[in-house]
Amino acid sequence: MCNCGNKRSQYNQENNVSSGQIKTSTITSKQYTNSIFEYVGKTALTVVGNITGRRYRFNRPGDLQSIDSRDAAGMLAVPVLRRK
């Protein structure tokens, strides 16, 4: 037979949480502002953000893209991208 109910009550007792109470934590949300990057290479370029995993496509030299601020540090390491 399943012993799930006993495990749940044991967990609640260990963490001082009764069935009517829920522990909450305050999560602060940061506003991430985007940065503009310019492509100075000779052909097209697709770059994947190292934090968000988002793909950024630069179709031609001089293209501008709005880059998530979490990915901006990684984009600075790409020699053909410049922050505007």
Fill in the blank from the handout: Quick note on T43, T52, ordering by fewest other C-beta atoms within 10 Å, gives T43, T52
Exercise for the section: Would you mind working out the magnitude of the charge dipole of segment 30-84 relative to its Cα centre, with +1 at each Lys and Arg C-beta and -1 at each Asp and Glu C-beta, to the nearest 20 Debye? Expected result: 20
Problem - Radius of gyration, Dmax [segment 30-84; alpha carbons; angstrom] - result: 10.4, 36
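Laboratory data are not the source of any read-out in this text; all were calculated from the coordinates shown. Note that the structure is a prediction, hence the values are computed from the model and not measured. Neighbour counts run over all protein chains shown; Cβ positions are idealised from the backbone, glycine included.
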